[in-house]
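The values are calculated or read from the model by the stated rules, or taken from the named source; none is laboratory data. Please read all numbers here as calculations on a predicted model, not as lab measurements. Cβ placement follows ideal geometry from the backbone for every residue including glycine, while neighbour counts extend to all protein chains displayed. For the accessible areas, the whole protein counts, side chains as well, though only heavy atoms, and no ligand, DNA or RNA atoms are used. Shrake-Rupley method; radii C 1.70, N 1.55, O 1.52, S 1.80 Å.
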Amino acid sequence: MLEAVRNAFRLPDLRNKLLYTFLILVVYRFAAHVPLPGVNAVALRRLFESNQLLGLLDMFSGGAMANFSVMAMGVYPYITASIILQLLMPIIPQLEELSKEGEQGRNKINQYTTWLTVPLAALQAFGQSTLLQRQGILADFGLTTHPLPTITTVVSLTAGTMFAMWLGELITEQGIGNGVSIIIFGGIVARVPQRVGQILLSNPTALITFIILTAVTVVGIVVVQEGQRRIPVQYGRRVRAMRGNRLRVVGGQSTHIPLRVNSAGMIPLIFAQSILLFPGTVASYFQNASQEWVARIAAGMTALFSPQSSWYWIMYFLMVIGFTYFYTDVIFRQQNLAETLQRQGGFIPGIRPGKRTEEYLNTVLSRITFVGATFLGVVAVLPWVARGITSTQTLLITSTGLLIVVGVVLDTMKQLEAQLLMRHYEGFIR
């Protein structure tokens, strides 16, 4: 990997792409430290220490949420819009047809995603600002009491999200890697030195344990992320008439379908964590209710759905497995491989085309997804295991963050190696 980066810096155009990507990341990090006016920094820090859901949002904002800067929401509304459209494709026939129209269809779906991001960003900006206002963090906020500052805050946060998306598109078009993923990656990695310092101050011996656990987990993520089951595919020979009454035999080649062990990525962890943290977050607002039974139920719900509870991690593990199967099935149905193979004259040896091929692929995918889902579940509960071993609450990188970091690095290195291959550079892969 280091050899590929070193060889890329020897080529002027690739060196410019890498430097351009780094420059965009620097611009984003500077923007992430531009705060909104009227924020109580001390109260904001206390809220983040007690609210795990905000910590999840802070990860996708690249650390800007903790400062409540103009980039506080980062690209999270865009990710939400993308997931919503992916889940709607099997339900809405028009979207499913667009997904099958190649590059033009993908561009149209990306346009719909951008349009959907704007109202989602405005809604999320209003919701988060209202939450902070109720916690005494934002003083001048409220449509009835402070309409102008409220509109200014919502517009600023929405504009920050669109600016982050624009920076991501610049990286995708003129840099190296997927822009949105690179921005999230930069935010996660930027917090590592601070967490290393916190661990050294609180429990120095735990740092070695964390490094070992992180290294082992990274190796496992790489193996599972790159793992695939190759299904052999054979294309039948066809006789095609050419000019001059000549006949030509075409087709007959062999290839394979790579079914990934983990097709869902880190999406199941995001789904499961968001759902698990939501009940506890809502219940925390009713702990001081005047009705005793309401306060008692709220306290029980808060304790049950708190990361300090063992039941939380058991439910987290099971929900990650369930969401992995669900999301993998949604993505696989959109690809419609059995119909595509039949239309192109391909078949799996020993399997009848059509319905039998679809059943066979579903069976194989279900088996290998069990390995990927179990691994994701283990990675999800890794903080619980680390806490039991080291007795510290601070992690170098969260489970979701670690999956994102490794996935982005692998994807970026593949794109970098592809760029080197296009330039006929030899000797960079050992």
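The table below gives the values:
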| quantity | calculated |
| --- | --- |
| Cα gyration tensor category, rounded, prolate or oblate, for the stretch 92-226 with a/c compared to 1.5 | oblate |
| Sulfur and carbon atoms: percent of accessible area, the chain [1.4 Å] | 62 |
| Dipole magnitude of the chain about its Cα centre (Cβ charges: Lys, Arg +1; Asp, Glu -1), debye to nearest 20 | 1500 |
| Other-chain or far-sequence residues with amide H under 5 Å of Ile231's (modelled H) | Ile257, Leu259 |
| Residue-wise HN-Hα coupling along the stretch 343-356, computed from phi with Karplus coefficients 6.51, -1.76, 1.60 (Hz; x: Gly, Pro) | 5, 8, x, x, 8, 8, x, x, 10, 5, x, x, 4, 5 |
| Cross-link partners of Lys108 among lysines (Cα-Cα below 23 Å; sequence separation of 8 or more within a chain) | Lys100 |
| Tensor-based shape of the stretch 263-388 (alpha-carbon gyration tensor, a/c under 1.5 rounded, otherwise prolate or oblate) | prolate |
| Helix axis angle, 192-202 relative to the chain longest principal axis, alpha carbon, degrees | 50 |
| Accessible area per residue, Å², the stretch 299-377 with all protein chains present, probe 1.4 Å | 54 |
| Cα gyration tensor category, rounded, prolate or oblate, for the chain with a/c compared to 1.5 | prolate |
| Estimated vicinal HN-Hα couplings, Hz - the stretch 29-44 in sequence order (Karplus 6.51, -1.76, 1.60; Gly, Pro = x) | 5, 5, 5, 5, 10, 8, x, 7, x, x, 9, 8, 5, 5, 5, 5 |
| Positive-end residue, the chain charge dipole about Cα centroid, Cβ charges, pick of Ala8, Phe185, Ile267 | Ala8 |
| Probe 1.4 Å, accessible area per residue of the stretch 114-205, Å² | 49 |
| Amide H contacts under 5 Å for Phe141, placed H, 5+ residues apart | none |
| Rounded to whole Hz, the Karplus (6.51, -1.76, 1.60) HN-Hα couplings of the stretch 12-27, x for glycine and proline | x, 5, 5, 4, 5, 5, 5, 5, 5, 4, 5, 5, 5, 5, 5, 4 |
| Inter-probe distance in nm under a simple model that places probes 7 Å from Cα toward Cβ, at Ile297 and Ile84 | 2.9 |
